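*Asks:* Below is one structure. I have some questions about it.
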Amino acid sequence: MVPVNYYLVLAAILFTVGIAAYLMKRNVITIFISIELMLNAVNLTFVAFAHMWNKLNGQIFVFFVMVVAAAEAAVGLAIIIALYRSRQTLNVDQVNLLKG
Amino acid sequence: MHLALFLIFGGLAVLAALNLLLQRHPINSALSLVVVMMSLAVLYWTLGAEFLAAAQIIVYSGAVMVLFVFVIMLLNAGEEERTKGSKIASIAGIPGAAAIFCLLSFVFLTEGSKLGLTHLGGTLDEATSNIQQISSLLFTQLLLPFEVTSVLILVAILGAVVLAKKER
């Protein structure tokens, strides 16, 4: 038997590592990967709370998060491919078209 | 039993996430994320979410991560080089991430008097009933959101095709 706290703190650790990778990485694909890590950390809290209150709504929410993440991955990777075609780089420091 | 599974796979998930953060090559980060997702699937299974454990392995580590690895290979992405921007980002990023971790852990641990009394685990052998309940909830009360996700996926497919198409 595991206290629900442990699952929540594990999710907090994973979410924080995701945020740190999001802030510190300079490669577009790695930044995208860290977004997936944050989504997974949130999914863990949903499942833990669903188990705690014996309700299935949390699990169904995780299902929808997975669907949205899959759609987001398809569109985002297409954007990355289009970006690479026009700029020939994956480094976010060199992608500054909007900078005045 | 549950505690041992939690410690083993939770520790594995944290180690793989740290490896994701420390590796410089995108392909290593992607493969560490696969390890995180597999260990999270085991944790879902110990929490009585068998359907989600299977979906996690099939959808996330099967489909989404294959797409990631495919794009990394297609673009021939190499190691990221250390630049001035990456130094500024790591100086600014570490305190921000630490602050968010402190905030989240503080909330979770101070609410522990209410939450921590609940112990999880114990439905490992009622696998089929859970899937029945999920499907009946999904196809009765939540039928409209379920159908809307199909429209979302269709739009995402069309968007991906339009974006990745070669301009002439």
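Values in this text are rule-based calculations from the coordinates and carry no lab data. Treat the numbers as computed from the prediction; the structure is a model and nothing was measured. Counting neighbours? That spans all protein chains shown, and the Cβs are built from the backbone with ideal geometry, glycine included.
*Asks:* Select from B:Leu15, B:Leu104, B:Leu74 the residue whose mean-square fluctuation is largest in a Gaussian network model of chain B (Cα-Cα springs shorter than 10 Å).
*Replies:* Per the Cα network of chain B with a 10 Å cutoff, B:Leu104 tops the list.
*Asks:* Next question, about the same structure. In what order do B:His25, A:His51 fall by count of nearby beta-carbon atoms within 10 Å, going from fewest to most?
*Replies:* B:His25, A:His51
*Asks:* Mind checking the dipole of chain B: about its Cα centre, +1 per Lys or Arg Cβ, -1 per Asp or Glu Cβ, Debye to the nearest 20?
*Replies:* 680 debye
*Asks:* Right, here's the next one. What net charge is computed for the residues neighbouring B:Ile91, neighbours being all others with C-beta under 15 Å from the C-beta of B:Ile91, Lys and Arg scored +1, Asp and Glu -1?
*Replies:* With Lys, Arg at +1 and Asp, Glu at -1, the neighbours total +4.
*Asks:* Scan chain A for chymotrypsin sites (Phe, Trp or Tyr not before Pro) in coil per DSSP, keeping those whose Cβ has at most 13 other Cβ atoms within 10 Å, and list them by number.
*Replies:* Sparse-neighbourhood loop chymotrypsin sites (Phe, Trp or Tyr not before Pro): A:Trp53.
*Asks:* Would you mind computing, in nm to one decimal, how far apart the modelled labels at B:Glu167 and B:Ala99 are, each placed 7 Å from Cα along Cα→Cβ?
*Replies:* 3.9 nm
*Asks:* For the pair B:Ile58/B:Ile157, report the inter-label distance in nm, with labels modelled 7 Å from Cα in the Cβ direction.
*Replies:* 1.7 nm
*Asks:* So who's got an amide H within less than 5 Å of the one on A:Val2, skipping anything under 5 residues away but keeping other chains? H placed 1.01 Å off N, in plane.
*Replies:* The answer is B:Leu120.
*Asks:* Return the whole-Å distance between the Cα centroid of the range A:11-70 and the Cα centroid of the range B:23-73.
*Replies:* Taking the Cα centre of the range B:23-73 as reference, the centre of the range A:11-70 is 11 Å away.
*Asks:* Can I ask one more? Can you give me the distance in nm between label points at B:Leu142 and B:Val14, each placed 7 Å from the Cα along the Cα-to-Cβ direction?
*Replies:* Placing both labels 7 Å beyond Cα along the Cβ direction yields 3.0 nm.
*Asks:* Would you mind getting me the FRET efficiency between B:Glu79 and B:Leu7? Use the beta-carbon distance for r and R0 = 45 Å, nearest 0.05.
*Replies:* 0.85
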